[in-house]
1. So for the stretch 199-206 (the condition being farther than 28 Å from Thr62 by Cα, in contact with a strand residue (DSSP E or B) (Cβ under 6 Å, 6 or more places away or on another chain), buried (at least 17 other Cβ atoms within 10 Å of the Cβ) and of a type in the set (Val, Ile, Thr)), does at least one residue qualify?
2. Within the stretch 82-131, can you find the residues that are at negative phi and outside any helix (DSSP H, G or I)?
3. Given the options Leu54, Leu68, Leu44, name the one that is within 17 Å of Pro159 (Cα to Cα) and either at pLDDT 60 or above or not in a helix (DSSP H, G or I) (or both).
4. Among the residues of the stretch 169-176, is any in a loop (DSSP other than H, G, I, E, B) and either among the polar types (S, T, N, Q) or in contact with a strand residue (DSSP E or B) (Cβ under 6 Å, 6 or more places away or on another chain) (or both)?
5. Scan the stretch 137-156 residue by residue and report those that are among the β-branched types (Val, Ile, Thr) and either touching a residue at least 60 places away in the same chain (Cβ under 8 Å) or under 14 Å from Val173 (Cα atoms) (or both).
6. On the basis of being modelled with pLDDT of 80 or more, of a type in the set (Phe, Trp, Tyr) and over 30 Å from Thr52 (Cβ atoms), does Phe105 make the cut?
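The values are calculated or read from the model by the stated rules, or taken from the named source; none is laboratory data. None of the values given here were measured: they were computed from a predicted structure. With ideal geometry, Cβ positions are generated from the backbone for all residues, glycine too; neighbour counts draw on all protein chains shown.
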Amino acid sequence: MKIRLISVLVSAALLATVPTLALASGQTSAATAAATASPSKLVLDNSTRVLTTLEARRAEFTTDRAALQKFISAEFEQMFDSKYAAQLVLGRHGRGAAEADVNRFAKALASNLMGRYGSSLLDFNTRLKVRIKSETPLRGGAMVKVSSEFIRQGGDPIPVDYLMRKVGNDWKVFDVMVEGVSFVQTFRNQFDEPLSRKSINEISTDLEAGRLQPTAK
């Protein structure tokens, strides 16, 4: 079954950022791992752990979607720089906006996407292999682009690039590009028109209520 583009974007973000087994087995914390690992190693290790955990807990998550949703939301919020991503999505509409309004929008957008697309992780073939192609420093090393591929059996590799930035001592993902399509740019384009008519808080209310459903065009 072909997964819709936005599902792939969301799932790729989750695969790169969810530190599943480290938390589940009481190993090194995600924060410590992020502080000591290179961005490319962080992407590779977390992606591999997620795929392994999905296979191990597939039956549980399939029957208990609430547990899946709780798991996804908590881990996504921990490793994905949702506030910075939200600022980029808001673009010109977010200039001068109150921090509380940006934070609410970031939370509303993440919750909306996780609620609708989090289960798409279960559609991923856990036989996928992740290969790191390159790691490119940006802005003097404050940011980095990690280029990778999802290697599929019987299919062409899927190129996935991650943009990460240093937040304190941690590397966090703020954008994901699947086959050149940006998570941030996709939503910036979709929210531009609604934000021209409504305030950020009104858009957040629509997201929270499910009246606004961002999707891939």
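1. Going through the stretch 199-206, the residues farther than 28 Å from Thr62 by Cα turn out to be 199-206.
In the following step, the residues that additionally are in contact with a strand residue (DSSP E or B) (Cβ under 6 Å, 6 or more places away or on another chain) were identified as none.
No: the stretch 199-206 contains no residue that is farther than 28 Å from Thr62 by Cα, in contact with a strand residue (DSSP E or B) (Cβ under 6 Å, 6 or more places away or on another chain), buried (at least 17 other Cβ atoms within 10 Å of the Cβ) and of a type in the set (Val, Ile, Thr).
2. Let us first name the residues in the stretch 82-131 that are at negative phi, namely 82-90, 92-95, 97-131.
Selection gives Arg95, Ala97, Ala98, Phe124, Asn125, Thr126, Arg127, Leu128, Lys129, Val130, Arg131.
3. Working: Leu54 fails: within 17 Å of Pro159 (Cα to Cα); Leu68 fails: within 17 Å of Pro159 (Cα to Cα).
Leu44 is the lone residue from the list that is within 17 Å of Pro159 (Cα to Cα) and either at pLDDT 60 or above or not in a helix (DSSP H, G or I) (or both).
4. Of the residues in the stretch 169-176, the ones in a loop (DSSP other than H, G, I, E, B) are 169.
This time we only want the ones that are either among the polar types (S, T, N, Q) or in contact with a strand residue (DSSP E or B) (Cβ under 6 Å, 6 or more places away or on another chain) (or both), so: 169.
Within the stretch 169-176, one or more residues are in a loop (DSSP other than H, G, I, E, B) and either among the polar types (S, T, N, Q) or in contact with a strand residue (DSSP E or B) (Cβ under 6 Å, 6 or more places away or on another chain) (or both).
5. Step one: list which residues in the stretch 137-156 are among the β-branched types (Val, Ile, Thr), which gives 144, 146, 151.
The answer is Val144, Val146.
6. Working: modelled with pLDDT of 80 or more: yes; of a type in the set (Phe, Trp, Tyr): yes; over 30 Å from Thr52 (Cβ atoms): yes.
In short, yes.
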